[in-house]
1. Going by the conditions given, is Glu25 assigned to a strand (DSSP E or B), over 11 Å from the mean Cα position of the chain (by Cα) and loosely packed, with under 13 Cβ neighbours inside 10 Å?
2. Here are the criteria: (1) exposed (fewer than 10 other Cβ atoms within 10 Å of the Cβ); (2) at pLDDT 90 or above. Tell me which single one Gly61 does not satisfy.
3. Which numbered condition in (1) under 12 Å from the mean Cα position of the chain (by Cα); (2) modelled with pLDDT under 90; (3) among the aliphatic types (A, V, I, L, M) is the only one that Ala16 fails?
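The values are calculated or read from the model by the stated rules, or taken from the named source; none is laboratory data. Because the structure is predicted, anything quoted here is derived from the model rather than measured. As a convention, Cβ positions derive from the backbone with ideal geometry for all residues, glycine included, and neighbour counts pool all protein chains shown.
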Amino acid sequence: MDRIHYRVVEHDGGWAYKLGDVFSESFPTHDAALARARQVARQQHVPGNAGAVIEYQDAKGEWHTEFSAADDRPEADVTG
């Protein structure tokens, strides 16, 4: 099983959580960003019913569509 790590960092005049090189929206306080990051991390553990079609944009700006079986959720944690 994969493991992902969200980090809370200063960003854009406030605070954000970050996964890899991708930032969330900005929050006015560290505590607000931390609370949202923890919520997002918890949601990683909630499996879907029968899966879903998902769309995402890669680092080159190209969009992809694929089926997610919803049985391969990563372990997630939050630091910062």
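1. no
2. Checking Gly61 against (1) exposed (fewer than 10 other Cβ atoms within 10 Å of the Cβ); (2) at pLDDT 90 or above, the one that fails is (2).
3. Here Ala16 clears every test but (2).
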